[in-house]
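Shown next, in structure tokens, is the structure this report addresses.
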Amino acid sequence: QEQLVESGGGLVQAGGSLRLSCAASGSIARLNDMGWYRQAPGKQRDLVARITRGGTTNYADSVKGRFTISRDNAKNTVYLQMNSLKPEDTAVYYCNVKLRDYPSVIEYTIWGQGTQVTVSS
């Protein structure tokens, strides 16, 4: 079974930057779409950015121009570079991966443990 390990969260002032990492480890699997979601207390978990295996990206309107998602398939890792951070970016950020364990043909989704990002005013 694949496991996702997140890192890179922390406390920064408005206008600062953070880089989140999410590494997949475990049994052999095919990693398809990888992405980042975030959830603030009392609110639903929403998409931040997503990247396909081929490198096509998609961003929430609120982060376009400020955040950049990327992946390193050799390292089974997805990154989220966050620049010009705002207090409204404060949330727990979760890595999300669509994958298939060999030899299964069924694709499923797993989540990371979450990493806290806090942006002070």
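The values are calculated or read from the model by the stated rules, or taken from the named source; none is laboratory data. These figures come from a predicted structure and were not determined experimentally. Methodologically, a virtual Cβ is constructed for each residue, glycine included, from the backbone with ideal geometry; neighbour enumeration extends over all protein chains shown. With ligands, DNA and RNA removed, areas are computed over all heavy atoms of the protein, side chains included. Shrake-Rupley method; radii C 1.70, N 1.55, O 1.52, S 1.80 Å.
Normalised per residue, the accessible area of the chain is 53 Å², obtained with a 1.4 Å probe and no contribution from ligands, DNA or RNA.
What nm value, rounded to one decimal, do you get for the distance between residue 25 and residue 57 when each label is placed 7 Å out toward the C-beta? Each label point lies 7 Å from its Cα, and together they span 2.7 nm. Along the range 77-84 the Karplus relation, 6.51 cos²θ - 1.76 cosθ + 1.60 evaluated at θ = phi - 60°, assigns HN-Hα couplings of 10, 10, 10, 9, 8, 10, 10, 6 Hz to successive residues, with x for each Gly and Pro.
Checking every one of the trypsin sites (Lys or Arg not before Pro) in the range 53-121 against DSSP loop status and a limit of 12 other Cβ atoms within 10 Å picks out 64, 75.
Highest GNM mean-square fluctuation among 70, 62, 84, for the chain modelled with Cα contacts below 10 Å: 62. Taking the Cα centre of the range 22-88 as reference, the dipole from Cβ charges on Lys and Arg (+1) and Asp and Glu (-1) amounts to some 40 debye.
Computed 3J(HN,Hα) for the range 9-20, one whole-Hz value per residue from the Karplus formula 6.51 cos²θ - 1.76 cosθ + 1.60 where θ = phi - 60°, is x, x, 10, 9, 7, 3, x, x, 9, 9, 10, 8, glycine and proline marked x. Of the trypsin sites (Lys or Arg not before Pro) found in the range 1-52, the ones in coil according to DSSP and having at most 13 other Cβ atoms within 10 Å of their Cβ are 43.
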